[in-house]
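Here's the structure we're looking at; comments come further down.
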Amino acid sequence: MNGIILVSGYVDLRKQKDFVSKVSHAKSEIVRACINHEITQVAVEKNLQAFRRGLSSAATIDALARMNGALSYACSSFYGVPLTNIDVNEARRKMGIKILREKVCGVPTKEQVKRALDSILESSGQKRKWNTKVLKGGPRKGLEVLDDGVYDEVDAIVIGLAYLKIEGK
């Protein structure tokens, strides 16, 4: 595998009330996290193009596409570097990640991707410890679970590593 993960994470936007605040906050957090690194390319997940049963609504797809476009432009223009959009399925293929239907294996897609990435990273000596939280209420009170943004972080790492493979770096 090419690529060493220098920085990864996710940005919690739940406290940001409007679109411009969300984009501005996310860009600021990304710039802050990358301050000590030379950014030469921005690679992002291509927008979802179609509906699939049981998944995102039109309003959700629209909101995500607007956010993706605005934040992609903000980061690409801030760093003055090219932007590459990568289809999530192409990224998974490039990384050798095979996904089974949840009905077949009993494991949600996001968890299958995380497990595959864990294996890829471990084989390259980059074992990750994902952020967790302890639930404070409800029937699962006291249970340690992955933080809310971990699967978004996993997706971002897969996109970044796939970009390196696509470009032969």
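Since every read-out is calculated from the coordinates, none of them should be taken as a lab result. None of the values given here were measured: they were computed from a predicted structure. Using ideal geometry, Cβ is built from the backbone for each residue, glycine included, and neighbour counts are taken over all protein chains shown.
Per-structure values
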{"read-out": "In range of the label at residue 77: residues from the stretch 12-48 whose backbone nitrogen is under 13 Å from the point 7 Å along Cα→Cβ", "value": "24"}
{"read-out": "Estimated distance in nm for a label pair at residue 98 and residue 134, the labels positioned 7 Å out from Cα along Cα-to-Cβ", "value": "4.0"}
{"read-out": "Contact order relative to length of the stretch 19-166, as percent, for alpha carbon pairs under 8 angstrom and 6 or more apart", "value": "25"}
{"read-out": "Cα centroid separation - the stretch 58-111 against the stretch 125-158, whole Å", "value": "19"}
{"read-out": "Helix-only mean residue ellipticity at 222 nm for the chain, each DSSP H run of n ≥ 4 adding -39500 (n - 2.57), per residue, nearest 500", "value": "-15000 deg cm²/dmol"}
{"read-out": "Residues residue 64 and residue 37, FRET efficiency given R0 of 30 Å [Cβ-Cβ distance, rounded to 0.05]", "value": "0.70"}
{"read-out": "Cross-link table 22/114; 94/141; 98/141; 136/165, entries beyond 30 Å C-alpha to C-alpha", "value": "94/141; 98/141; 136/165"}
{"read-out": "Per-peptide average of other Cβ atoms within 10 Å, ordering 29-35, 149-155, 101-107 highest first", "value": "149-155, 29-35, 101-107"}
{"read-out": "Which listed pairs, of 129/169; 15/103; 103/169; 15/169, have C-alpha distances above 31 Å, in listed order", "value": "15/103; 103/169; 15/169"}
{"read-out": "Read-out Rg and Dmax of the Cα atoms in Å, derived from the coordinates shown; its label in [x] 19.3, 65; [y] 16.5, 54; [z] 16.7, 49", "value": "[z]"}
{"read-out": "Sequence-distant residues sharing a close amide H with residue 43 (under 5 Å, placed H)", "value": "84"}
{"read-out": "Mean Cβ neighbour count within 10 Å, used as a protection proxy, ranking 125-132, 65-72 highest first", "value": "65-72, 125-132"}
